[in-house]
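Asks: Sharing a structure here in structure tokens format.
The values are calculated or read from the model by the stated rules, or taken from the named source; none is laboratory data. Here the structure is a predicted model, which means the values were calculated and not measured. So basically every Cβ, Gly included, is an ideal-geometry build from the backbone, and we count neighbours across all protein chains shown. Protein only, heavy atoms only, side chains kept; ligands, DNA and RNA dropped before computing areas. Shrake-Rupley method; radii C 1.70, N 1.55, O 1.52, S 1.80 Å.
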Amino acid sequence: MSREDNSSWLKTGPHYWDGDYACAEGAIAAGCRFLAGYPITPSTEVAERIAERFPLVGGTFIQMEDELASMAAILGAAWGGAKAMTVTSGPGFSLMQENIGLGVMTETPCVVVNVQRGGPSTGLPTLTGQQDMMQARWGSHGDYEIIALSPSSPQECFDLTVTAFNLSERYRVPVMFMMDECVGHMTEKVVVPHLSKIHVLQRRWYRGKKERYRPYVPGKDLVPPMVKAGDDFRFHITGLTHDERGYPVINAACQSICVTRLVDKIKQNADRITILDEDRVEGAEVVVVSYGISYRVATRAIALARDKGIRVGSLRLVTVWPFPERRIAELADKVKCLVMPEINLGQVYLEMERVACGRCRTKLVPHCGGWVHDPEDILAAIVEGAKP
Amino acid sequence: MKHTNSQADRQIADGKHHPLEPYLRMDRIPHIWCSTCGLGTCLNSFLTAVRNSAIPRENIAVVSGIGCTGRTAGYVNLDSFHTTHGRAIPFATGLKLANPELTVVVISGDGDLVAIGGNHFIHAARRNMDINIICVNNFNYAMTGGQFGPTTPETARTTTAPYGSFEHPFNLPFLADSCGATYVARWTALHVRHLTASIGEALERRGFSFIEVISPCPTVYARRNRLGTGLDLLQFYHDNSVIKNGIDTRECDIRFQEQLIIGKFVDEEKTTFHDTMTGYLKDAVGEKYVPYVGPMEMPGNGD
């Protein structure tokens, strides 16, 4: 077979790609033209694909000295005007938390891809896990809200990478793209749509008068418009608590205004951000809530349960953060049990349990990582949950 | 006639205004720095160099890390970024690569740049990233109350070295030189004209430049070591600095209250990271190579 022609910037048509490659192509489709990264299994193929493709599509790839630098570099690139992304796995994700916090505080649009592996520490470099979900939510210090997506297939690695960029531009927040080793290394059919069918959100530039520009005056949606360096706005941004001018103000009153808006711009727009994939949820006695590769495994368990005559629905968290509190609360009033399989010992589950708040039973199907669940384990939880 | 920023601003600068007022965020003055600290002088030298430069002001961006010097970014009336501790250089790297038209200046302290940020420093120098580093060396972590750092001279006292520091300090010009910096200089906060001229040179040239500024910290370092006020330290710099342009940077070690070797040590031409990358890829990839063209309207059909 001849080597694939990689020259066209958008590779419209069907492909046989793994999730990592599809993620790289999704970034290119979204207009990402800057990637800073550091090699780490099982995410390296994203950077490898980008390193090959960027010189053909007008992008700049730089391999940095570590993940601290990679995250800092994409923030700098975003303020230089580029759509920027970095890619890593658990240990590197830990190092990035410092500047993810800076990205949140300075409201810098960018995408952070984490192809998850088993942890803690070096853990299982080549084997899967979903153990960084709470790190995605709370990993950097201080109070903040974040957006995180979790693809379940290579096709979604393409589609949702575009969505991740759109959300980061729309809400000016670093978006966590939480893949896992299985989805990253799984090879399936990926169809790249025609350019006209891909919805790409442009950066929302400030259009007002230069002399009236203040970096952190939000719109009605609580999100301020962006500028970039070099356009004579002579703006200042800082990781310190700041006022609308972007100037540091170190007191409780300013902290309250600054942090409250950072949190509210996500919370108040949660319904617009949230993407859920539901199947036969209405009338179900048990609903399996899952995300990422665990959704694929749960699908088998759900089929087996339906064979037994149990009314089972599926709710897939395409966006995991912000947590879909409203929908989970609605379901908790209607079903006997919410079941969540995840490849950790209970992370997103704790949020589900909190929101269900005793209105229905909740069941965790835990897994330490290294492999996916046995569908029989999820089935057992469904059967248990369907009991009166 | 070559346009310079100073000509553009002369009208404002004449009379009752400070000549650098257009280059300062006057709504943030007074600054937080201590009386007789050297940072005001460093800022003055930098902004004077900017004013004298032919580079349009909107094309100059300042990136700082954390600490006393890290506050510099907050006072300059330029695109300015106050980032995280140690990460000013990689942030600047991303900024520069995303908009290669920018002149990017990192102004930060010795602890920020060569302790917590040391790895980024050596790699940016190795790559010959086209950024300018101004490192204000006050021999300690002053913002946190005066702890020893990677440049504290042996035997100098700090809060975390109450019996005197026993670690070997970095010789910063040698470090920068050996990692590949193409312009290396050291001045003190007393050598205002030399420093200003040096910053001006660095702004105009391409490649990784490094300027160390020895600067008084009257409130913590000098007080704990009974070195007097900032003025006493300037007198010390006056009496003990020796300009040795072009000297081997291995000879630039600093010992506690001994002779200070200052000057321009390295000034050589080398292809920058950006030029190397684009040149190499053009050859290696051939006619299919599409160079990055700077910030642009990204392809897309959305609103």
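Asks: Hey, if we sort A:SER121, A:SER256 by accessible area with the 1.4 Å probe, largest down, what's the order? Before the final figure, lay out each step's value.
Replies: Details: A:SER121 100, A:SER256 65 Å².
Final ranking, largest accessible area leading: A:SER121, A:SER256.
Asks: Hey, another quick one. For chain B, which span is the longest to avoid every loop-located (per DSSP) member of chymotrypsin sites (Phe, Trp or Tyr not before Pro) having at most 16 other Cβ atoms inside 10 Å?
Replies: That would be B:1-162.
Asks: With the full set of protein chains in place, find how many percent of the accessible area of segment A:276-385 is carbon and sulfur; take the probe as 1.4 Å.
Replies: On the way: 2180 of 4400 Å².
C and S fraction of accessible area: 50 percent.
Asks: Now a separate question. Can you tell me which of B:LEU113, B:LEU39, B:LEU175 moves the most in a GNM of chain B? Springs connect C-alpha atoms under 10 Å apart.
Replies: B:LEU175
Asks: Express in Å², to the nearest 10, the accessible area of A:ARG234 obtained by rolling a 1.4 Å probe over the protein heavy atoms while all chains stay in place.
Replies: A:ARG234 has an accessible surface of roughly 60 Å² with all protein chains in place.
Asks: With every protein chain left in place, what is the accessible area of A:GLU285 in Å² (1.4 Å probe, nearest 10)?
Replies: Probe radius 1.4 Å; accessible area of A:GLU285 about 30 Å².
Asks: Using a 1.4 angstrom probe on the protein heavy atoms only, could you order B:LYS96, A:LYS220, A:LYS334 from most to least accessible area?
Replies: The ranking, largest first, comes out as A:LYS220, A:LYS334, B:LYS96.
Asks: When all protein chains stay in place, what accessible area (Å², nearest 10, 1.4 Å probe) is found for A:VAL249?
Replies: About 40 Å², ignoring ligands and nucleic acids.
Asks: Would you compute, from DSSP H runs of 4+ residues alone, the mean residue ellipticity of chain A at 222 nm, taking -39500 (n - 2.57) per run and dividing by the full residue count, rounded to the nearest 500?
Replies: Working: 13 runs with 148 residues, N = 388.
The per-residue figure over chain A is -11500 deg cm²/dmol.
Asks: Once each part is reduced to its C-alpha centroid, what is the distance from segment A:316-366 to segment A:275-315 in angstrom?
Replies: 13 Å
Asks: Cα centroids of segment B:48-77 and segment A:120-176: how far apart, whole angstrom?
Replies: Segment B:48-77 and segment A:120-176 have Cα centres separated by 35 Å.
Asks: Quick one: if the Förster radius is 25 Å, what FRET efficiency do B:ASN52 and A:GLU211 give, using the C-beta to C-beta distance and rounding to 0.05?
Replies: That pair, B:ASN52 with A:GLU211, gives E of 0.50.
Asks: State in Å² the accessible area per residue of segment A:7-197; use a 1.4 Å probe, count heavy atoms of protein chains only, and round to the nearest integer.
Replies: Working: 4570 Å² over 191 residues.
Per residue, segment A:7-197 has 24 Å² of solvent-accessible surface.
Asks: Go through segment A:211-236 and flag every residue whose accessible area shrinks by 30 Å² or more with all protein chains in place compared to the isolated chain (probe 1.4 Å).
Replies: A:ALA229, A:GLY230, A:ASP232, A:ARG234, A:PHE235, A:HIS236
Asks: Another question, then. What order, most packed first, do the peptides B:151-159, A:271-279 have when packing is the mean number of other Cβ atoms within 10 Å of each residue?
Replies: Details: B:151-159: 19.9, A:271-279: 14.7.
Top to bottom by mean Cβ count within 10 Å: B:151-159, A:271-279.
Asks: Note the buried accessible area between B and A here, summed over both chains, with a 1.4 Å probe, in Å² to the nearest 100. The partial results should precede the final answer.
Replies: Numbers: alone 14900 and 16070 Å², together 26480 Å².
That pair of chains buries around 4500 Å² in total.
Asks: Please give the per residue accessible area of segment B:186-303, computed with a probe of 1.4 Å over protein heavy atoms only, in Å².
Replies: For segment B:186-303, the solvent-accessible area averages 53 Å² per residue.
Asks: Separate question: At a threshold of 8 angstrom on Cα-Cα distance, excluding pairs fewer than six apart, so keeping six or more, what relative contact order does chain A reach in percent? Mind dumping the intermediate values first?
Replies: On the way: 864 pairs, mean separation 63.3, N = 388.
Relative contact order, chain A: 16 percent.
Asks: Right, another one. Set the Förster radius R0 to 41 Å, insert the Cβ-Cβ distance between A:LEU195 and A:ASP66 as r into 1/(1 + (r/R0)^6), and round the FRET efficiency to 0.05. It would help to have the intermediate numbers written out before the result.
Replies: Numbers: r = 36 Å, r/R0 = 0.88.
E between A:LEU195 and A:ASP66, to the nearest 0.05, is 0.70.
Asks: Efficiency by 1/(1 + (r/R0)^6): what FRET value for A:ALA380 and A:LYS267, r their Cβ-Cβ distance, R0 = 35 Å, to the nearest 0.05? Mind dumping the intermediate values first?
Replies: Values: r = 36 Å, r/R0 = 1.03.
Working from the Cβ atoms, E equals 0.45.
Asks: Now for a separate question. Once the piece of chain linking B:LYS16 and B:ASP232 is laid out straight, how much longer is it, given 0.36 nm per residue of separation minus the C-alpha distance between them?
Replies: Working: separation 216, 0.36 × 216 = 77.76 nm, distance 3.06 nm.
That pair, B:LYS16 and B:ASP232, stretches by 74.7 nm at full extension.
Asks: Accessible area per residue of segment A:338-381 at 1.4 Å probe, in Å²? Before the final figure, lay out each step's value.
Replies: Working: 1910 Å² over 44 residues.
Heavy-atom SASA per residue in segment A:338-381 reads 43 Å².
Asks: Now, a different point. Please express the shape of segment A:7-197 as an equivalent ellipsoid: the semi-axes are the square roots of 5 times the eigenvalues of the C-alpha gyration tensor, given largest first in whole angstrom.
Replies: Values: eigenvalues 103, 73, 44 Å².
Those come to 23, 19, 15 Å.
Asks: Report which residues of segment B:86-100 become buried by 30 Å² or more of accessible surface when going from the isolated chain to the complete set of protein chains (1.4 Å probe; DNA, RNA and ligands ignored).
Replies: Correct list: B:ARG87, B:PRO90, B:PHE91, B:GLY94, B:LEU95, B:LEU97, B:ALA98.
Asks: Turning to a different aspect of this structure: Pop a pseudo-label 7 angstrom from the Cα along the beta-carbon direction at both B:GLU251 and A:ILE275 and give the gap in nm to one decimal.
Replies: Simple spin-label model gives 6.4 nm for this pair.
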